[in-house]
1. Residues in the stretch 159-180: is at least one surrounded by fewer than 22 Cβ atoms within 10 Å (Cβ to Cβ), over 24 Å from the mean Cα position of the chain (by Cα) and under 19 Å from SER285 (Cα atoms)?
2. Suppose we keep only residues that are in contact with a Ser or Thr (Cβ under 7 Å, 6 or more places away or on another chain) and not aliphatic (A, V, I, L, M) within the stretch 30-57. Which one would you say is farthest from GLY106 (Cα to Cα)?
3. In the stretch 1-117, which helices (runs of 4 or more DSSP H) lie fully inside it and hold 3 or more residues that are assigned by TED's automatic domain parsing to the domain that holds TRP169 and among the polar types (S, T, N, Q)?
4. Does the stretch 146-154 include one or more residues that are crowded, with 24+ Cβ neighbours inside 10 Å and either assigned to a loop (DSSP other than H, G, I, E, B) or touching a His at 6+ places or on another chain (Cβ under 8 Å) (or both)?
5. Can you tell me how many residues within the stretch 32-70 are closer than 22 Å to MET134 by Cβ and touching a Pro at 6+ places or on another chain (Cβ under 8 Å)?
6. So, in the stretch 187-231, exactly how many residues are assigned to a helix (DSSP H, G or I) and either more than 30 Å from ALA171 (Cβ to Cβ) or among the acidic types (Asp, Glu) (or both)?
7. For the stretch 28-37, does any single residue satisfy the condition of being in contact with a Phe, Trp or Tyr (Cβ under 6 Å, 6 or more places away or on another chain), farther than 21 Å from VAL139 by Cβ and surrounded by 19 or more Cβ atoms within 10 Å (Cβ to Cβ)?
8. In this structure, does ALA440 turn out to be without any contact (Cβ under 8 Å) to a residue 12 or more places away in the chain and of a type in the set (A, V, I, L, M)?
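The values are calculated or read from the model by the stated rules, or taken from the named source; none is laboratory data. Owing to the predicted nature of the structure, the values given are computational and were not obtained by experimental measurement. A quick note on method: Cβ atoms are made from the backbone with ideal geometry, for glycine too, and the neighbour counts reach across all protein chains shown.
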Amino acid sequence: MSVYALGPIALWVGLGLAVYGAVIGHLGGFRRDPRMAGAAVGAVFGVSACVVLAYALLTAAFVTDQFQYSFVATNASRAMPVWYKAAAVWGGMAGSMLLWALILAGYATAAMIATRDRLPRLAPHAASVLLTIMAFFLVVMVFSSKPFERLDFTPLDGQGLNPLLQNHWMAAHPPSLYLGYVGWSVPFAFAIAALLTGRLGTEWITAMRKWALVPFMFLTIGNLMGSHWAYIELGWGGYWGWDPVENSAIMPWFAGTAFLHSIMIQEKRGMLRMWNMGLIVLTFSLTILGTFVTRSGIIESVHAFASTNVGVVFLTFLTFVIAVSVGLIWWRSDMLRTENRLESFVSRESAFLFNNLLLLGIAFAIWWGTFFPFISEAFTGQRISVGPPFFNQVNGPLSLALLLMTGIGPVIAWRRASRYNLERNFRLPVLVLLVAGVAAVVLGLRAWYAVSVVAFGAFVAATVIQEMWRGTRARMASKGTGPAAALIGLISRNRRRYGGYIVHLGVLFVFAGIAGSMFQLEQEASLSPGDELEIGEYRIEYLGGDIEQGPNYAATVANLTVREEGGKPYRVRPERRFYPSGQEQTTSEVAIWSRMFEDFYAILEGFDPATGVADITLIVNPLLQWIWVGGGIMVFGTLISLSSPRPKPARARETSAETAAAATA
């Protein structure tokens, strides 16, 4: 028997353990039986080991060209570099489901190790929920999308990975996105455990804060990588096209961001318990919806590389998740009510709540635009498409309001902001906002979105810098240190707060990059060797073309030199690649000269080897790199927040109804 035959066995054993653990965990939790609870945690470890074994075997099958397996033959070829063979594991439905299960196994294992002693009442139920999710993905792999399904014959070579996926950014994008998607399973599982046990105070929220920050960070990374892949691989000069799969990846980010902001209110004031339950259920449900959109085959998308028959399976599971979650929330609705109420519209609670509404408003607008074609078809029989103008027009004002709230929420007072608090915290930032807005208009900006980004961005920067300076100055006075040491000490002492400020600064860079992309310059030309042309401040000379051979493709390359006025020449080489093996597909490999304030972007549209004439599109993109720089700053700030020490147990008093229910549950 081949060693690869252990793959299907591992999946079957994992499925059996997952079902067993899902049942025994709930029984152990309700009976408060430590042996049953321990068995559920042990099942998590056992299922994880089975999934790791299956994934390792599938990866080995790809790397060693085991084309007797259908999935390997469809997504790999001998000519592919070894790192793309390893990445091809998640290039199709079966492998992506196994990757999901692998990441879920890692999260579930880590969560059980971290919480089984700290949260003994919640851990067995959470283990059961995580095992139920794991069982679903194992069912898909065992009965539908089988990663180890054998062919009746062994082909000499495989079809190869889709050429659009043969890019180092795309190789890293799916794992990052899945780390974000799957990570929300942990706070969702503990939310369900809190509902089942009636322990609905701050215990589960406090314990899950970092478990929510991790998927937030990876969703940020995954979406940034995906946008960068689109920018450098698809050859259109843009980074976000409001494609249905792109939309499905960003919707959980908005919902999860709302959850992260909202739980602060529950921690601080004991409010929004039901709201937070709804948010975490929504966020997890959107991750399942995203997989349904990508893998169901109901949409046409450059990102949807698989059309399978599992769409109805995912839709059924999504319906089950929502129905059970809503039922539990309704069951515990009396306990989810809180005695504290919003005391003033001018308060941090109010600002965070308005921030939540904006985030959910953007998520809903994206959902509506994505699914409106299917809704219209269901009611009218005609599919009406929704394009980028809808998303830009609706989300433009909402995003600007969100940017403004980024500067208000963190510095306004809790409960009720006094006039002194408002004047002290916002006098200077409002002045900066007005000066920046006027300066933007005087300097020639006329687009309302760009002017607003400049003004609101300056306001947010002023609030953040003002807060950091005040803290730094106080620490300099108390510790007698210099500014740099005082700032580092300030951030280190309150990493959660100042990490959030750094995330907000990263958001400013992202907005600046988006606003800068509105001023894109574009020019098309057919050039013979020796021809020159100008675009913006650039002068371009075409030196002719080459034909080159890659490891699994043939490429035509245009040689260009680009010179700014008074600058040194820079060589760019856009390509057209043809992949003959299996896919028989042509891709565009753009050439980008990136600097701090703009990108020079060249696309080879066509090339005539006989005459050397090249059809080229040239684009100048101002500030576009700031999107990814800002994303990096957001990730850095999140890491600082994640490094904060575990908070002390909350001393907030639970309501009498909750205490009684928790004692008898």
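1. Looking for residues that are surrounded by fewer than 22 Cβ atoms within 10 Å (Cβ to Cβ), over 24 Å from the mean Cα position of the chain (by Cα) and under 19 Å from SER285 (Cα atoms), one finds none in the stretch 159-180, hence no.
2. Filtering the stretch 30-57 for residues that are in contact with a Ser or Thr (Cβ under 7 Å, 6 or more places away or on another chain) and not aliphatic (A, V, I, L, M), the one farthest from GLY106 (Cα to Cα) comes out as PHE45.
3. Those helices (runs of 4 or more DSSP H) do not exist here; none qualify.
4. Yes, the stretch 146-154 contains a residue that is crowded, with 24+ Cβ neighbours inside 10 Å and either assigned to a loop (DSSP other than H, G, I, E, B) or touching a His at 6+ places or on another chain (Cβ under 8 Å) (or both).
5. Here the count works out to 6.
6. Summing the residues that are assigned to a helix (DSSP H, G or I) and either more than 30 Å from ALA171 (Cβ to Cβ) or among the acidic types (Asp, Glu) (or both) in the stretch 187-231 gives 15.
7. no
8. Considered against the rule, which asks whether it is without any contact (Cβ under 8 Å) to a residue 12 or more places away in the chain and of a type in the set (A, V, I, L, M), ALA440 comes out as no.
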